[in-house]
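Visitor: The structure follows.
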Amino acid sequence: MLMQSNDYSRVLYEMGVGPLWVLRQAEALTLTEAPMSSTETASLSSDVVEAVTDTPAIPDIPQADALVSVVVSVPAKEIAVPEENLAVLPVHSMSWEELQPVVESCRACGLCQGRKKTVFGTGDRQAKWLFVGEGPGYNENLQGLPFVGAAGQLLDNMMKSLGVQRGDQAYIANIVKCRPTDQQGKDRPPTADEVAACLPYLHRQIELIAPQVIVALGKTAAVSLLGLDMETPVGQLRGKLHQFKGIPVVATYHPAYLLRKPADKSKAWIDLCLAMKSLPIISASSAS
Ligand code: SF4
């Protein structure tokens, strides 16, 4: 995907990230030549990148290199799905065409009661990048689409910084497909039971997509996907390369959090750089 330099600068600006990152040896590369296309980022594994503006502050990729070298192999636990749910969720061999209507009519957990629309997921069904959020919010519940509104726009910018977009090498899904709300009708994280009931759908989506990297947006998405304890500190999630069934998983902040705390956008950018660098590393290690 080609992106004009002004577009690219604006994307990083919207993410709250000042520096433009370019390959050090690629001096002839102009920003009109899609500096962060997935093809080019796939060559980042051994290259050092540097900031070409004088905007300070983001710890650079050598730090991420150190992190990548300590690949954390976290075998995703198989979350125990209650047998009664398996009976109504025979999803493991479903095609896309079979899976979506099953989700739309699903009543496997209590979240079905308050939903307007299920939020199945959207994007390129052969995507290299899979972005996983926690669950639908107010607008998503109304529209049936993931990440709409301001948080969705920020996620779009995060994807653009990687040279991908919705429907083009990127797919967006959530841990649960129906909106969790508290007694006041406000968004809340899904419970462990709700996650267990819904996760088979995401697992099947991952099998069908076969992404090269998964970005978990927020703590709930990360611990649910990786089968970790809900109380796992964020510090144990970010900055490490996890794996889900052999697919690299990088945890970063949820865009809604970044809107509330824009100072952490630079950390999210570091996480995305780690995800970019994971592509060739995992490919190489799995090939050997
Ligand atoms: S959240 Fe998932 S498991 Fe629960 S009703 Fe919705 S689709 Fe079914």
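Visitor: Taking the range 124-146 only, how many residues are assigned to a loop (DSSP other than H, G, I, E, B) and either within 16 Å of the ligand (Cβ to nearest atom) or over 17 Å from the mean Cα position of the chain (by Cα) (or both)? Step through it out loud before you land on a result.
Guide: First, pick out the residues of the range 124-146 that are assigned to a loop (DSSP other than H, G, I, E, B): 124-128, 134-137, 144-146.
Those left that are additionally either within 16 Å of the ligand (Cβ to nearest atom) or over 17 Å from the mean Cα position of the chain (by Cα) (or both): 134-137, 144-146.
Selection size over the range 124-146: 7.
Visitor: Further question on the same structure: Might you check whether a residue that is over 20 Å from GLN100 (Cα atoms), polar (S, T, N, Q) and either buried (at least 17 other Cβ atoms within 10 Å of the Cβ) or in contact (Cβ under 8 Å) with a residue 12 or more places away in the chain (or both) occurs anywhere in the range 173-185?
Guide: In the first step, residues of the range 173-185 are kept if they are over 20 Å from GLN100 (Cα atoms); the result is 181-185.
Filter once more, keeping what is polar (S, T, N, Q): 181, 183-184.
Filter once more, so that each one left must be either buried (at least 17 other Cβ atoms within 10 Å of the Cβ) or in contact (Cβ under 8 Å) with a residue 12 or more places away in the chain (or both): 181.
Looking through the range 173-185, at least one residue is over 20 Å from GLN100 (Cα atoms), polar (S, T, N, Q) and either buried (at least 17 other Cβ atoms within 10 Å of the Cβ) or in contact (Cβ under 8 Å) with a residue 12 or more places away in the chain (or both).
Visitor: Within the range 105-123, which residues are more than 8 Å from the ligand (Cβ to nearest atom) and either farther than 20 Å from PRO189 by Cα or not in a helix (DSSP H, G or I) (or both)?
Guide: Looking only at the range 105-123, we keep the residues that are more than 8 Å from the ligand (Cβ to nearest atom), and these are 105, 113-114, 116-117, 119-123.
If the condition is that a residue be more than 8 Å from the ligand (Cβ to nearest atom) and either farther than 20 Å from PRO189 by Cα or not in a helix (DSSP H, G or I) (or both), then SER105, LYS116, LYS117, VAL119, PHE120, GLY121, THR122, GLY123 are the ones that fit.
Visitor: Now a separate question. Mind checking which residues of the range 228-246 are among the charged types (D, E, K, R) and closer than 19 Å to ILE270 by Cβ? Talk me through it step by step, then tell me what you get.
Guide: Of all residues in the range 228-246, those among the charged types (D, E, K, R) come to 229, 231, 238, 240, 245.
Of everything in the range 228-246, those that are among the charged types (D, E, K, R) and closer than 19 Å to ILE270 by Cβ turn out to be ARG238, LYS240.
Visitor: I need the helices (runs of 4 or more DSSP H) fully contained in the range 147-245, keeping only those with at least 1 residues that are under 27 Å from CYS109 (Cα atoms), within 16 Å of the ligand (Cβ to nearest atom) and assigned by TED's automatic domain parsing to the domain that holds GLY135.
Guide: Values: elements: 149-161, 192-209, 219-226.
Result: 192-209, 219-226.
The values are calculated or read from the model by the stated rules, or taken from the named source; none is laboratory data. From a predicted model like this one, the values you see are computed outputs, not experimental measurements. Glycine also receives a Cβ, built like all others from the backbone with ideal geometry; neighbour counts cover every protein chain displayed.
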